């Protein structure tokens, strides 16, 4: 491989991105903006990542209403392109939903807004569009590389309280997951609470009071989100979690 041959290998992708240029082509699939070593991707009111519903988009100087989502750049190793570096920046969410999102890379403690950078939903949508473009251009798709946004920056977590006739437990549910996934047979979700900066606590596992949090191996059929912990004891009252984690988690009444 040489630098020249690698540029030649990627030329069909960039040529197609130029044909599907967001600034000049009104076709719905034209959401790209080509550069010399990669391209940018924009979304439209009818084709956008999850979480963008209701975002107002204007055409401006472009061919149709749109908003910027992310970029793709070649990753070089010596004289070979070995991967695609991708990143997303949902500026429209910060502009139009300022109570929920901010354009900070590092979210300060107690700053209860989510980051707009490398949101999971934006990354997944971007990957789909990149894979489609490479397939249409007839070029094998290199692996993706991107920096995962910290869970504490994605937020909020959901503190879910489950009860049955004889017992109860809680689960700190990761952002984007449904508390119903962790409801054991015979239990129901009694109440939920949004919490932030919960990344240091055991998440997506059943928690009981006075638990030692000694992690057991996950059973093969349980999947990655359900792990059982040893030394579980009966729940004496509702205040155990607040007492144990009082510096990080607010009470139910807030």
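The values are calculated or read from the model by the stated rules, or taken from the named source; none is laboratory data. All of these numbers come straight from a predicted model, not from anything done at the bench. Note that each Cβ is placed from the backbone with ideal geometry, even for glycine, and that neighbours are counted across all protein chains shown.
Quick notes on this one:
- Here residue 8 meets the list (1) within 17 Å of residue 138 (Cβ to Cβ); (2) in contact (Cβ under 8 Å) with a residue 24 or more places away in the chain almost entirely, failing just condition (2).
Yes/no matrix, rows are residues, columns are (1) assigned to a helix (DSSP H, G or I); (2) closer than 21 Å to residue 104 by Cα; (3) in contact with a helix residue (DSSP H, G or I) (Cβ under 8 Å, 6 or more places away or on another chain); (4) at pLDDT below 85:
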position: 123; (1), (2), (3), (4): yes, yes, no, no
position: 127; (1), (2), (3), (4): yes, no, no, no
position: 139; (1), (2), (3), (4): no, no, yes, no
position: 172; (1), (2), (3), (4): no, no, no, no
position: 186; (1), (2), (3), (4): no, no, no, no
position: 198; (1), (2), (3), (4): no, yes, yes, yes
position: 205; (1), (2), (3), (4): no, no, no, yes
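- When we screen 103, 25 for residues that are more than 21 Å from residue 124 (Cα to Cα) and either at pLDDT 95 or above or in contact with a helix residue (DSSP H, G or I) (Cβ under 6 Å, 6 or more places away or on another chain) (or both), the only hit is 25.
- Of the residues making up the range 70-82, just one is under 21 Å from residue 132 (Cα atoms) and surrounded by fewer than 15 Cβ atoms within 10 Å (Cβ to Cβ), namely 82.
- Tally, over the range 19-49, of residues that are assigned to a loop (DSSP other than H, G, I, E, B) and closer than 30 Å to residue 4 by Cα: 11
- Taken as a whole, the condition of being under 30 Å from residue 9 (Cβ atoms) and modelled with pLDDT of 90 or more does not apply to residue 161.
- Residue within the range 2-12 that is under 30 Å from residue 100 (Cβ atoms) and either touching a helix residue (DSSP H, G or I) at 6+ places or on another chain (Cβ under 7 Å) or surrounded by fewer than 17 Cβ atoms within 10 Å (Cβ to Cβ) (or both) present: no
- Tabulated pairs, the range 71-96, first outside the structural domain of residue 38 (by TED's automatic domain parsing), second surrounded by fewer than 18 Cβ atoms within 10 Å (Cβ to Cβ) and assigned to a helix (DSSP H, G or I), C-beta under 7 angstrom, 6+ apart or interchain: none
- Selected residue (criterion: nearest to the chain's Cα centre (by Cα)) from residues of the range 50-69 that are crowded, with 19+ Cβ neighbours inside 10 Å and in a strand (DSSP E or B): 69
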